[in-house]
Amino acid sequence: MPTRPGLPRALRALAVLLAAYLLAPLLAALPALGSADWHVLSDRALWQAALVSFGGATLATVLIALGGVPLGYYLARHTGALARTLAFIVQAPLALPPLVSGVLLLFLIGPYAPLGTLFSDAGLQLTDAFAGVVLAQVFVAAPFAVIAARSAFAALDPGLEEVAATLGLRPAQRFMKVALPLAARGIAAGLLLAWLRAIGEFGATVMVAYHPYSLPVFTFVSFGSQGLDAMLPVLLPTLLATLAVVALAAGVQSANLRRSGRGARLARQRLMDAEIDAEVDAAPLADPPSNKGAATDADAQLTPASPNSDAGAAAPDHRAASLQLRLRHRYPGFALDVSITSNARRLAIVGPSGCGKSLSLKLVAGVAPQRADRRALRRAHRRRRTADVDAANLIRIDGVALEQVNAEARRIAYVPQNYALFPHLSLAEQCLLAPDADAGKVARWAKALGLDTLLERRPAALSLGQQQRAALVRALARPSRLILLDEPCSALDTPLRSQLRRALRELQTRIDATTIVVSHDPQDALELADEIVVMDAGRVLQQGRTADVLRRPATLSVARLLDVRNVLPVRRTADGAIAWGNQSDGHVALRMPTDRMLPGATAPAEQAEQADCLLRIPTDAVHVVAIATPEPRSLRTDTSPAASDGPTEVAPQAHAHLSALVESVYPTADGQWLRCAVGDRTLECAYRGTSTVAAGARLTLAIDVARLDCWPAAHEAATAGATPAQVANPAALATPAAPPARARAPT
Ligand SMILES: Nc1ncnc2c1ncn2[C@@H]1O[C@H](COP(=O)(O)OP(=O)(O)OP(=O)(O)O)[C@@H](O)[C@H]1O
């Protein structure tokens, strides 16, 4: 049986009990209907009182909305002392007995109070007047609306407004087009509560404005003079008002839905018209789905264009932007301090989770909180001290300083990790949200990425892959020099991820913009970047051409982060061999061609034993030539000397033979993948023979020495804070990098 959402029995019983209690007074009043004095309904005073209450409550609600919605937004987005004080002030009227609220109001607007005197001098009476009723209602009802607005805004992902900023929307536009529509339901609920509370307001009103009678005051007076029988008819206006409110709310909601459906159709039509006008690109990045309604079909059919397509012709200029970034930021327990200089068209930032990749992108896009940095910069300008300027961020694109420019003016496209699609807008509407969105461009990219049949859909009706591509189209809607992609493939499954990578690669050839891809997956860097920045714990460990960094990671940490196998810390022996291990755990020494050793890895003999080097043995340069146990037999005849368990000294030749102990094994499509202990290091290699190798087996491995690489290892700590030139060139890191002359603690 399918699981249905439901409450445990005990909780259900409690819920029913409370609901029954709320209904009980109404039911208890039913028998009294017969004896009710219905003549009260013909009393004009009752309807005047109802008018005062409803008219006052409506006016009060409008006043509350005007101030309460922005106040709720402020409270939702700020946590400082001012926000905390305001939150306390807003909640205070809830805790005050209404009569006390009335007394407090009299101190402000009473006939002898400063404000009351001021207004009565101007001919406007505040007490014992309609104005007094409204003011009392505003005081007691406002907290309901403000608190509801704050909750509604706080529930919104701030990332949505950040993305809106990168689309060029100014603060007022972001508020009106993104925050307000998304929080509208919560705000409306709060305003309705405030309206109902204002209608029922008695305590403060009776103190401030006994006349004209509001409905609660009229009820109180009628009860005193005519008793319980006159009460039931007085309920009638309230019930009528409640019914009217419910009908109004339903009407507004369906009108909203109709309007948003019309908006989606209009936006789609605009794109279709634009596409007809526009020149259609030669090759699509993705075939449109055959089944136009099925979300998953579109993903399945995301196929890249042929590499021979003239897709590149669409980009008029493929010059890379020159980037100069110095990004510093502090969170409690985390400090980011990153310097990147690059002229690559395709850059990747790779590192483990939490190392500061997304924060770096946000700083470049201008959407991370930067108050501290800006303050430091202003201070520096005031004092004309360059050292302080160093403490601030530096974002230069083609030499243009952007660190002081707002996100909306930076012209940097940003696709965040969760895509941040606006849930209230259809795909077409959000792609056209940027004030300067180019409809023709959106239409072409939507078609190229297989989204042209989904333009009227909202994000909730799109699959993850489609959402990713939708965010991409939205980012491409306006011209930008730089496109920031945060973990573009992380939420997708493996086949879709490789399809999307292909589509992104194709896209990179077409657009005239530099892309920065952030990822924890080295494969993304491999496929989507010419240059790579490896980060950890808020620092750059290494930067360089992707191929170079993968070939010669500066440290073991970098090798691990990039998942480069068989990188071993080794030392040089006095006679120039590469060695690891010792007599107790197996001494291994290799002699390799000196042209495979970077300068610095060939240290003079007297320093050799201290020289730390890294040796990379490509996994396909390791071959299993003999399995010694469980059934010793040779797999291949070789003229090289046989491997032994003792120290292995190998003369320079095509293959070096090493003795290995299999530590673990897992199957692959072609055979097995082996992890073997060689001395005190671990080597990995594929085994494609016909036998099955088990853990514990002893092997002889032949290593193709011509394919080895050896270079001086950088000190792990030295890479952090090294200059880009040093990290780009591992050899320069053989000695620890001197700290930059004017480096300062990040602000
Ligand atoms: N608002 C915040 N307050 C405090 N710390 C934060 C805040 N936002 C991020 N951090 C911290 O800053 C560090 C960097 O975060 P960032 O989101 O840049 O990581 P990341 O490298 O992108 O990780 P992932 O790949 O998991 O997204 C993390 O250690 C995180 O805990």
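Throughout, read-outs are computed from the coordinates displayed, never taken from laboratory work. Keep in mind that this is a model prediction, so the values were computed, not measured. Cβ coordinates were reconstructed from backbone atoms using ideal geometry, including for glycine residues, and neighbour counts include every protein chain displayed.
Overview of values
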{"read-out": "Charge sum, other residues only, whose C-beta stays under 9 Å from VAL518's C-beta, Lys/Arg counted +1 and Asp/Glu -1", "value": "-2"}
{"read-out": "Charge sum, other residues only, whose C-beta stays under 13 Å from CYS676's C-beta, Lys/Arg counted +1 and Asp/Glu -1", "value": "+1"}
{"read-out": "Proximal charge balance of ALA149 [Cβ under 13 Å; K/R count +1, D/E count -1]", "value": "+3"}
{"read-out": "Scattering curve values for the range 488-564, log₁₀ I(q)/I(0), Debye with Cα scatterers, q = 0.13, 0.17, 0.24 Å⁻¹", "value": "-0.41, -0.68, -1.15"}
{"read-out": "Tail beyond 26 Å, pair distance distribution of the range 1-152 (Cα, percent)", "value": "54 percent"}
{"read-out": "Reference-scaled alpha-carbon Rg (2.2 N^0.38 Å with N residues) for the range 45-226", "value": "1.17"}
